[in-house]
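Notes to accompany the following structure.
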Amino acid sequence: MRNKRISGKSKRVPGRIREPRGQRRKRPGRLLRRYRRRRSLSGGLLRSRNSSSKRQVRPEKMAALDLKEMQPTEAHDAGHLQNRVEENGQTLNEVQPDPNLSDSYKSGFREGYFEGGEAIVTRLLPPHTILPGVTAEDLIASGIRHLAPGSLLPLLTPSEAASALRDALDSGQPLSLVRLGDGELLTLAHDIVIPTNEARRRGPFLPYAGVELPAYDIREKLAGALRQADIIGVPISRHSSFQGLLFPVLSHYGLDPARLRLASSTVNYELAEEGLMLPLLRGRKVLIAGNRAEGLASVLQREGIEVVGLVTPIRGVYDAEAAVQQASGYSFDIALVAAGIAAVLICTEIASRLGKCALDFGHLANKLESGEQGLR
């Protein structure tokens, strides 16, 4: 049990001889006590303000967090995120923790940021040398400029992705564009790259995205869908739940990234933001699949887009087959699929079995319906 401190009285500690009142050492002041608590972070342990017990600090909380684990406002607070785009390709442009966060968190944030950057530089420098005026970011930038040819894999630009879709629509050829976020990657990685419990811990949103882990059958279906997909959107973030899972997953399933046609996983947003989505859909028969189908249909119809049918609801990955069957009853040119993880399965099946174009539309449907984002 924890002893309570009573104001004005000192705690009796067994085995300790009480000193005469005039010779007792003063208790450290509040600022010093707080400083000592912060210093405890350097050993990887965090002492809470209200308890003497210790708990492990999760490493991922020290750096670029898996932003899909938090609400958008919390994700912003974790590091002044800028250029924030959905859940699939987060970048941290600033590294100063938000001033509203706790002192302990800010201390841990700074310590983690140091250990992941300047501390590595220190360890790699020759003995008895220092490197003034050059930051870890400077060194990384210099290293990237000197990478061997072929090290960087090019991604399709939004205009190139739009051109690929347009060519397929004009020629009547099937094409599927799917996107991998942390939900898809955690599903693909569970019990292969990371244990199922770890995947569930990183992805408490997975049931909302349509899958309950373990789901080995869905994992293998997703891997099969990647082999069929014409264009795969991948996260640009190198975070452990994004590219940290992407490349081990591709390696496990024998997929060479250099042989895949890749785009950014936020290409759906980029198509809308750069004014490429509406021209792509005008004059086409559009099918919409997903739980936001009605709202998205209203938005598109106001822009003069012909919506020929809705496939809804889609309650998870196990509704994917029924969604494809329902889609087969419509005459359409392109399907816009906003169905979480199931969208990867639905898009590839629409292309391979129905011979149509399919675009993994994602949360862009929610943003268009709410008015948070517009089409142009």
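Kindly indicate which of Ile192, Ile218 is assigned to a helix (DSSP H, G or I) and either touching a helix residue (DSSP H, G or I) at 6+ places or on another chain (Cβ under 7 Å) or modelled with pLDDT of 95 or more (or both).
That would be Ile218, the only listed residue that is assigned to a helix (DSSP H, G or I) and either touching a helix residue (DSSP H, G or I) at 6+ places or on another chain (Cβ under 7 Å) or modelled with pLDDT of 95 or more (or both).
Within the set of pairs 6 or more residues apart or between chains, which connect a residue that is farther than 25 Å from Gly143 by Cβ inside segment 100-122 to a residue that is of a type in the set (A, V, I, L, M) and outside any loop (DSSP other than H, G, I, E, B) with Cβ atoms less than 8 Å apart?
Ser104/Leu41; Ser104/Leu46; Ser107/Leu41; Gly108/Leu41; Gly108/Leu46; Gly108/Met62
Residues are listed down the side, and each one gets a yes or a no for (1) in contact (Cβ under 8 Å) with a residue 40 or more places away in the chain; (2) part of a loop (DSSP other than H, G, I, E, B):
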site: Ile144; (1), (2): no, no
site: Ala148; (1), (2): no, yes
site: Leu153; (1), (2): yes, yes
site: Ser159; (1), (2): yes, no
site: Ala162; (1), (2): yes, no
site: Asp167; (1), (2): no, no
site: Glu184; (1), (2): yes, no
site: Leu188; (1), (2): yes, no
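Restricting the first residue to segment 323-336 and requiring it to be under 13 Å from Ala351 (Cβ atoms), which pairs with a second residue that is in a loop (DSSP other than H, G, I, E, B) and open to solvent by 60 Å² or more (accessible area, probe 1.4 Å) meet a Cβ separation below 9 Å and a spacing of at least six or different chains?
Once the first residue is under 13 Å from Ala351 (Cβ atoms) and sits in segment 323-336, its partners that are in a loop (DSSP other than H, G, I, E, B) and open to solvent by 60 Å² or more (accessible area, probe 1.4 Å) give Ala327/Lys356; Phe332/Lys356; Asp333/Gly283; Asp333/Lys356; Ile334/Lys356; Ala335/Lys356.
Looking at segment 249-263, which of the residues that are open to solvent by less than 50 Å² (accessible area, probe 1.4 Å) and not β-branched (Val, Ile, Thr) is nearest to Glu160 (Cα to Cα)? Can you show your working first?
First, the residues of segment 249-263 that are open to solvent by less than 50 Å² (accessible area, probe 1.4 Å): 249-250, 253, 255, 257, 260, 262-263.
Retained after the next criterion (residues that are not β-branched (Val, Ile, Thr)): 250, 253, 255, 257, 260, 262-263.
On the way: Leu250: 23, Tyr253: 27, Leu255: 22, Pro257: 18, Leu260: 15, Leu262: 11, Ala263: 9 Å.
Per the criteria, the residue is Ala263.
Being more than 13 Å from the chain's Cα centre (by Cα) and either open to solvent by 10 Å² or more (accessible area, probe 1.4 Å) or over 19 Å from Ala342 (Cβ atoms) (or both), is that true of even one residue in segment 177-190?
No: zero hits.
Considering only residues that are farther than 19 Å from Glu321 by Cα and open to solvent by 20 Å² or more (accessible area, probe 1.4 Å), which ones fall in segment 206-233?
Residues satisfying the conditions are Pro214, Asp230.
For Ile236, work out the one condition from (1) touching a Gly at 6+ places or on another chain (Cβ under 7 Å); (2) part of a helix (DSSP H, G or I) it doesn't fulfil.
Only one criterion is unmet by Ile236, namely (2).
The values are calculated or read from the model by the stated rules, or taken from the named source; none is laboratory data. Please read all numbers here as calculations on a predicted model, not as lab measurements. Don't worry about glycine lacking a Cβ; one is built from the backbone with ideal geometry, like all the others, and counts go over all protein chains shown. Protein only, heavy atoms only, side chains kept; ligands, DNA and RNA dropped before computing areas. Shrake-Rupley method; radii C 1.70, N 1.55, O 1.52, S 1.80 Å.
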